[in-house]
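The values are calculated or read from the model by the stated rules, or taken from the named source; none is laboratory data. Every value quoted in this text rests on a predicted model; they were computed, and no experiment measured them. As a convention, Cβ positions derive from the backbone with ideal geometry for all residues, glycine included, and neighbour counts pool all protein chains shown. Each accessible area value is taken on the protein alone, full model and side chains, heavy atoms only, with ligands, DNA and RNA left out. Shrake-Rupley method; radii C 1.70, N 1.55, O 1.52, S 1.80 Å.
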Amino acid sequence: QVQLVESGGGLVQPGGSLRLSCAASGSIFSINAMGWYRQAPGKQRELVARITSGGSTHYADSVKGRFTISGDNAKNTVTLQMNSLKPEDTAVYYCNVDLYYMNYWGQGTQVTVSS
């Protein structure tokens, strides 16, 4: 069993910044990638950013240049630095870990961008 613990969501004004963190623990043998997804009300869950164990990153077009994902292989953690936040970034953000044979999800953390 694998557990993901997320932290760092909250309420921020447009143009502000937030930092999301996620730590994976449990029966982890090898991580292919970790990432962040988000789901806004009435919309499908979408990929925000993903980082492989080798350090390769992928971002949704909507967050390129504003969000930065980083990971620590030794600690099984992933962090998402979100700058220049917009109201359309409002969503529940979910941490994901890809173990090649199985995917696990965090419980989600709310990010609200509003004045």
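Here are the numbers for the structure shown:
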{"item": "Cα-based convex hull volume of region 1-74 per residue, rounded to whole Å³", "result": "123 Å³"}
{"item": "Surface accessible to a 1.4 Å probe, per residue, for the residues of the chain, Å²", "result": "53 Å²"}
{"item": "Top positive-direction residue, dipole computed over the chain with Cβ charges, set Gly106, Ile28, Asn83", "result": "Asn83"}
{"item": "The chain: relative contact order as a whole-number percent, Cα under 8 Å and 6+ apart", "result": "36 percent"}
{"item": "Residue-count net charge about Ile28 - beta-carbon cut-off 15 Å; Lys, Arg +1, Asp, Glu -1", "result": "-1"}
{"item": "Longest DSSP-loop-exposure-free segment, chymotrypsin sites (Phe, Trp or Tyr not before Pro), the chain, at most 13 other Cβ within 10 Å", "result": "30-99"}
{"item": "Simple spin-label estimate for Asn103 and Leu11 in nanometres, 7 Å along Cα-Cβ", "result": "3.2 nm"}
{"item": "Heavy-atom SASA rank of Thr79, Thr112 (probe 1.4 Å, accessible area, largest first)", "result": "Thr112, Thr79"}
{"item": "Per-residue SASA entry for Asp89, accessible area with 1.4 Å probe, Å² rounded to 10", "result": "0 Å²"}
{"item": "Longest DSSP-loop-exposure-free segment, trypsin sites (Lys or Arg not before Pro), the chain, at most 14 other Cβ within 10 Å", "result": "1-42"}
{"item": "Fraction of accessible area attributable to carbon and sulfur, region 49-115 (%, probe 1.4 Å)", "result": "47 percent"}
